[in-house]
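Remarks on the structure that follows.
The values are calculated or read from the model by the stated rules, or taken from the named source; none is laboratory data. Remember, it's a predicted structure, so these values are computed and weren't measured experimentally. Cβ coordinates were reconstructed from backbone atoms using ideal geometry, including for glycine residues, and neighbour counts include every protein chain displayed.
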Amino acid sequence: MIINIHSHGPATGEEWVLKNVFEHFDRLPGTGWYSMGLHPWYLRENDWKGQLALLRAKSEQPNVLAIGECGLDKVCPTDPALQKLVFTEQVKLANETGKPLIIHCVRAFDDVLSVLKHNGNKVPVIFHGFYRGLQLANKLLGEGHYLSFGKALDLKTLQQVLKQLPPDRIFLETDDASISIESRYQLAAESLQIGQDSLSLQIQKNAVTVFGPAPFHYDN
């Protein structure tokens with residue numbers, strides 16, 4: 001089993017995919033595995049409360065495994081105060097439902113950690129699309145969080161970062177890029193200097209730790 005922890009497309013081949021939904025929550029299918037969240041790029045002052053209410057209702061479906069992607073982004077034009085408010089509400093929702101958080105974070109890591117801390121977060125946290133350096137990676141891991149690597153793993157500098165991280169704290173993803181999850185496993189295995197089969201088994205263990213065993217025992 002090859003696990004893709006964050007994608008905007010359907011599964012291919014033997015891939016197990018957690019597909020992200022950030023809009024049209026009312027159209028969520030009853031099959032497949034999903035994460036759902038209010039992305040900071042697409043927040044609107046006039047309707048976020050209604051979207052949050054719909055997210056809250058749909059998050060009760062058993063095939064919704066995580067809340068997110070959600071978080072903070074200092075590059076996008078969305079008002080920072082609105083971003084923080086909506087992110088906080090989603091942290092609370094994740095803890096109410098006991099479902100993990102998948103985090104979108106751009107230049108706001110200290111702020112994200114602050115929101116998690118001040119809201120007493122107890123659920124697992126995955127920072128998706130990690131692209132930064134070893135110091136920040138170790139800081140996030142030191143807080144008990146997970147890192148997911150995707151397109152940026154093409155960079156030699158990020159491969160060097162991954163090489164120094166414990167395999168039991170990582171995931172791999174394709175996000176919305178035109179790349180295969182197999183290519184991410186190949187790069188990660190080479191960086192970690194382990195076989196791809198060993199890496200695949202380790203990430204399966206990581207996924208069971210975060211999401212529980214049920215999603216990985218059924219063909220959905």
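For this structure, a couple of remarks:
- The one condition from (1) assigned to a loop (DSSP other than H, G, I, E, B); (2) closer than 21 Å to V208 by Cβ that K19 does not meet is (1).
- Scanning the stretch 104-131 for residues that are in contact (Cβ under 8 Å) with a residue 40 or more places away in the chain and either closer than 21 Å to I181 by Cβ or among the polar types (S, T, N, Q) (or both) gives H104, P124, I126, H128, G129.
- Looking only at residues of the stretch 162-174 that are part of a loop (DSSP other than H, G, I, E, B) and of a type outside the set (S, T, N, Q), we find that the one that is nearest to L136 (Cα to Cα) is L165.
- The condition of being within 27 Å of A94 (Cβ to Cβ), in contact with a Phe, Trp or Tyr (Cβ under 9 Å, 6 or more places away or on another chain) and either aliphatic (A, V, I, L, M) or surrounded by fewer than 16 Cβ atoms within 10 Å (Cβ to Cβ) (or both) holds for only one of A214, A188, that being A188.
- Of the residues making up the stretch 169-199, those that are more than 19 Å from E14 (Cβ to Cβ), without any contact (Cβ under 8 Å) to a residue 40 or more places away in the chain and not aliphatic (A, V, I, L, M) are R169, S178, E190, S191, Q193.
- Some residue of the stretch 118-125 being of a type outside the set (S, T, Y), surrounded by 16 or more Cβ atoms within 10 Å (Cβ to Cβ), in contact with a strand residue (DSSP E or B) (Cβ under 9 Å, 6 or more places away or on another chain) and over 24 Å from W16 (Cα atoms): yes
- Of the strands (runs of 3 or more DSSP E) lying entirely inside the stretch 29-126, those containing at least 1 residues that are among the β-branched types (V, I, T) and touching a helix residue (DSSP H, G or I) at 6+ places or on another chain (Cβ under 7 Å) are 64-73, 101-106.
- Taking the criterion of being surrounded by fewer than 13 Cβ atoms within 10 Å (Cβ to Cβ) and farther than 14 Å from R184 by Cα, the residues of the stretch 154-171 that qualify are T157, Q160, Q164, P166, D168.
- Qualifying residue in the stretch 136-144 (condition: free of Cβ contacts under 8 Å to residues at least 40 places away in the same chain, among the small types (G, A, S), buried (at least 21 other Cβ atoms within 10 Å of the Cβ) and in a loop (DSSP other than H, G, I, E, B)): no
The rows are residues; the columns are (1) within 18 Å of L116 (Cβ to Cβ); (2) modelled with pLDDT under 95.
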position: R132; (1), (2): yes, no
position: G142; (1), (2): yes, no
position: Y146; (1), (2): yes, no
position: Q159; (1), (2): no, no
position: D176; (1), (2): no, yes
position: R184; (1), (2): no, no
position: A188; (1), (2): no, no
position: L192; (1), (2): no, no
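- Residue satisfying condition, being at pLDDT 95 or above and in contact with a Leu (Cβ under 6 Å, 6 or more places away or on another chain), within set L82, L72: L82
- Exactly one residue out of S35, S59 is out of contact with any Ser or Thr (no Cβ under 6 Å at 6 or more places or on another chain), among the small types (G, A, S) and surrounded by 12 or more Cβ atoms within 10 Å (Cβ to Cβ): that is S35.
- Put simply, of A207, A177, A189, A152 the only residue that is touching a helix residue (DSSP H, G or I) at 6+ places or on another chain (Cβ under 6 Å), under 24 Å from S35 (Cβ atoms), among the small types (G, A, S) and assigned to a helix (DSSP H, G or I) is A152.
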